[in-house]
Amino acid sequence: MSVSSDAPESITILGSTGSIGANTIKVISECKEKYRVEALTANSDVKKLAAQSIATNAKFAVIADESKYTELKDLLSSYDIEVASGSRAVVEAAGRNSDIVMSSIVGAAGLLPTMEAVKRGARVALANKETLVCAGELMMRQVKESGATLIPVDSEHSAIFQIFDFDNPHLVEKITLTASGGPFRNACIEKMRDITPSEAIAHPNWSMGKKISVDSATMMNKGLEIIEAYHLFPVGKDKIDVIVHPESIIHSMVEYVDGSTLAQLGTPDMCTPIAVALAWPRRIKLNTEKLNLAKIGALRFEAIDNEKFPAVRLAKEALEKGGVYPAIFNSANEAAVAAFLDGKISFTDIVKIVEKTMDSFSASEPESVCEVMSIIQESYALASVQ
């Protein structure tokens, strides 16, 4: 969809009440002349969704939890904002006529609405890594068919996107994703089992939702990011690696065949990769903290302790097997993290449950999004009772 350089671009935010969604609203509030809000969706935080809809003058507000429809309707009754509820309405929001769709729904629930935005050829700012993990082949095929533009919002993939030579991918020797190491980088392996949910969600560098914070603590997020990177960037599976970088200043690196390694640096603030995705191929000025390397003083790098953090190894196995395994890897993790946050399993049980669930399936290649959703539901249910 083309717009003049002076006309504001319209944006739909899927998952507006979460961390990425809220930061997206923060970014566009600094650039009100450049963006207008078409639609906002949320899972269940009806009061925050209503406040955001009013503040941004959104045209359409959707609450996925159908039991909250009446409350949302009442909160917005004095405003000219269309209201709807349910998962189908979330997909409808993604299909509305906006230039940009910020896909920031956490987990596999973001798959169908993201695919809807891709099908209509939108510019999709992708913060939902599970979409490519679960249905990467199908999603990228649809991107090519529809002419959609997919721009990653994860800080690591945004970094690669900014420094990757898409015209000459054969010159790329390696992609390296950086990992902070999470809150337990220096923890003794013997004490990992006793980690509590409150400890797991206390990330040292980033402010994120509970599920994503737990994924960082297990380093499951790096496993998901490896699979996502494979679909986003045309390199071999063996050319994607991870290194621990506690300061979270270098967000990722691309090594080329001549020995050059390019890195993207910045303070750990999600507003920057969000701004990159919204403004691409241009850039917009933000009032974010600027990088001061002299103040930071030193940057550290460490290899991953695969014994303490087996999730990365397991993700590489899922990617190598292909087919349904990345989707199983993702959905089993969602179920296990939910159980951990509810106090039903230990921290170290999360990866064990994912591995056990993967072992319960045989290889197959999903041929449709509906088939992927069926696999997601089946593996989530199985992981829930492991």
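Given the structure, is residue 363 surrounded by 18 or more Cβ atoms within 10 Å (Cβ to Cβ), in contact (Cβ under 8 Å) with a residue 24 or more places away in the chain and not assigned by TED's automatic domain parsing to the domain that holds residue 226?
For residue 363, the condition - surrounded by 18 or more Cβ atoms within 10 Å (Cβ to Cβ), in contact (Cβ under 8 Å) with a residue 24 or more places away in the chain and not assigned by TED's automatic domain parsing to the domain that holds residue 226 - is not met.
Looking only at the stretch 295-310, count every residue that is among the hydrophobic types (A, V, I, L, M, F, W, C) and either at pLDDT below 90 or under 11 Å from residue 243 (Cα atoms) (or both) and tell me the total.
Looking only at that region, the number is 3.
Consider residue 174 against the criteria (1) at pLDDT 90 or above; (2) crowded, with 19+ Cβ neighbours inside 10 Å; (3) touching a strand residue (DSSP E or B) at 6+ places or on another chain (Cβ under 6 Å): it satisfies all of them except one. Which criterion is unmet?
Condition not satisfied by residue 174: (2).
Yes or no, residue by residue, for (1) of a type in the set (Gly, Ala, Ser); (2) touching a His at 6+ places or on another chain (Cβ under 6 Å); (3) in a helix (DSSP H, G or I):
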| residue | (1), (2), (3) |
| --- | --- |
| 6 | no, no, no |
| 11 | no, no, no |
| 21 | yes, no, yes |
| 26 | no, no, yes |
| 32 | no, no, no |
| 37 | no, no, no |
| 47 | no, no, yes |
| 51 | yes, no, yes |
| 54 | no, no, yes |
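When the residues of the stretch 138-156 are narrowed to those that are of a type in the set (D, E, K, R) and out of contact with any Ser or Thr (no Cβ under 8 Å at 6 or more places or on another chain), which ends up farthest from residue 262 (Cα to Cα)?
145
Residues checked against (1) assigned by TED's automatic domain parsing to the domain that holds residue 74; (2) buried (at least 24 other Cβ atoms within 10 Å of the Cβ); (3) closer than 20 Å to residue 212 by Cα:
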residue	(1), (2), (3)
14	yes, yes, yes
21	yes, yes, yes
25	yes, no, yes
30	yes, no, no
33	yes, no, no
36	yes, no, no
39	yes, yes, no
45	yes, no, yes
49	yes, yes, no
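When you go through 96, 123, 141 one by one, which is the residue that is over 20 Å from the mean Cα position of the chain (by Cα), in the same structural domain as residue 27 (by TED's automatic domain parsing) and either of a type in the set (Gly, Ala, Ser) or at negative phi (or both)?
Only one candidate passes the filter, namely 96.
Could you list, in sequence order, all residues of the stretch 340-352 that are farther than 18 Å from residue 134 by Cα and buried (at least 19 other Cβ atoms within 10 Å of the Cβ)?
Result: 340, 347, 350.
Considering 85, 53, which residue is without any contact (Cβ under 8 Å) to a residue 40 or more places away in the chain and more than 21 Å from residue 274 (Cα to Cα)?
Exactly one of 85, 53 is without any contact (Cβ under 8 Å) to a residue 40 or more places away in the chain and more than 21 Å from residue 274 (Cα to Cα), namely 85.
Among the residues of the stretch 104-130, write down those that are surrounded by fewer than 24 Cβ atoms within 10 Å (Cβ to Cβ), in a loop (DSSP other than H, G, I, E, B) and modelled with pLDDT of 95 or more.
120, 121
Conditions tested, residue by residue: (1) modelled with pLDDT under 90; (2) touching a Phe, Trp or Tyr at 6+ places or on another chain (Cβ under 6 Å); (3) among the aliphatic types (A, V, I, L, M).
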position	(1), (2), (3)
327	no, no, yes
333	no, no, no
341	no, no, yes
346	no, no, no
357	no, no, no
365	yes, no, no
369	yes, no, yes
379	no, no, no
386	yes, no, no
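The values are calculated or read from the model by the stated rules, or taken from the named source; none is laboratory data. Predicted model only: the values in this text are computed from it and were never measured. Cβ: placed from backbone, ideal geometry, glycine included. Neighbour counts: every protein chain shown.
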